[in-house]
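The values are calculated or read from the model by the stated rules, or taken from the named source; none is laboratory data. Quick caveat, the model's predicted, so the values are computed rather than measured. Methodologically, a virtual Cβ is constructed for each residue, glycine included, from the backbone with ideal geometry; neighbour enumeration extends over all protein chains shown. What goes into the accessible areas is simple: the full protein's heavy atoms, side chains included, and nothing from ligands, DNA or RNA. Shrake-Rupley method; radii C 1.70, N 1.55, O 1.52, S 1.80 Å.
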Amino acid sequence: QVHLVESGGGLVQPGGSLRLSCAASGFAFSRNAWAWYRQAPGKQREWVATMSIGGSTNYTDSVKGRFTISRDNTKSTVALQMNSLKPEDTAVYYCNRLPTIKPWGQGTQVTVSS
């Protein structure tokens, strides 16, 4: 059974950093591209970053230069290093493979506020 568990969120001041982690189980982790998504209050879930099977990355414009996605195939985990955080980064963050699968994990809350 597919299982996605996100962790690492919290409350941080603007300009601060957080590192999110996602543990995946129930399928062949290394054979999939992986992505992070986020959903801010009152908004639809949006794509944030992707890492392909080969390791290439893509980011939504608003996080380029600040966020870094990485993966560890030996541990079946994908991480999102977030630096220079801004209040508009406040959201629940989710990981999923590409194409996405269900069920989604519970997400991890990131709040950027002074």
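Contact map, segment 86-101: residues that are over 17 Å from G42 (Cβ atoms) paired with residues that are modelled with pLDDT under 95 and not in a helix (DSSP H, G or I), Cβ distance under 6 Å, separation 6+ or inter-chain. Pairs shown: R97/N32; I101/V2.
Taken together, the criteria place S62 among residues that are among the small types (G, A, S), out of contact with any strand residue (DSSP E or B) (no Cβ under 8 Å at 6 or more places or on another chain), under 24 Å from V112 (Cβ atoms) and at pLDDT 95 or above. Number of residues in segment 18-31 that are among the polar types (S, T, N, Q) and buried (at least 16 other Cβ atoms within 10 Å of the Cβ): the value is 1. For the residues V48, V5, V12, the requirement of being closer than 22 Å to S114 by Cα and of a type in the set (A, V, I, L, M) singles out V12.
The criterion of at least 1 residues that are closer than 14 Å to E6 by Cα and touching a Lys or Arg at 6+ places or on another chain (Cβ under 6 Å) is met by the following strands (runs of 3 or more DSSP E) wholly inside segment 17-114: 33-39, 77-82, 91-98. For beta carbons closer than 6 Å, sequence separation of 6+ or different chains, a first residue in segment 18-33 that is farther than 9 Å from S76 by Cα and hydroxyl-bearing (S, T, Y) and a second that is open to solvent by 50 Å² or more (accessible area, probe 1.4 Å) and outside any loop (DSSP other than H, G, I, E, B), the qualifying pairs are S21/S7.
Among all residues of segment 44-52, there is at least one that is more than 13 Å from the chain's Cα centre (by Cα), surrounded by 14 or more Cβ atoms within 10 Å (Cβ to Cβ), touching a residue at least 12 places away in the same chain (Cβ under 8 Å) and farther than 22 Å from Q106 by Cβ. Among the residues making up segment 63-112, those that are open to solvent by 60 Å² or more (accessible area, probe 1.4 Å) and of a type in the set (G, A, S) are G65, S84. Examine segment 1-17 for a residue that is touching a residue at least 40 places away in the same chain (Cβ under 8 Å), open to solvent by 40 Å² or more (accessible area, probe 1.4 Å), under 16 Å from W104 (Cα atoms) and β-branched (V, I, T), and state whether such a residue exists. Checking segment 1-17: at least one residue is touching a residue at least 40 places away in the same chain (Cβ under 8 Å), open to solvent by 40 Å² or more (accessible area, probe 1.4 Å), under 16 Å from W104 (Cα atoms) and β-branched (V, I, T).
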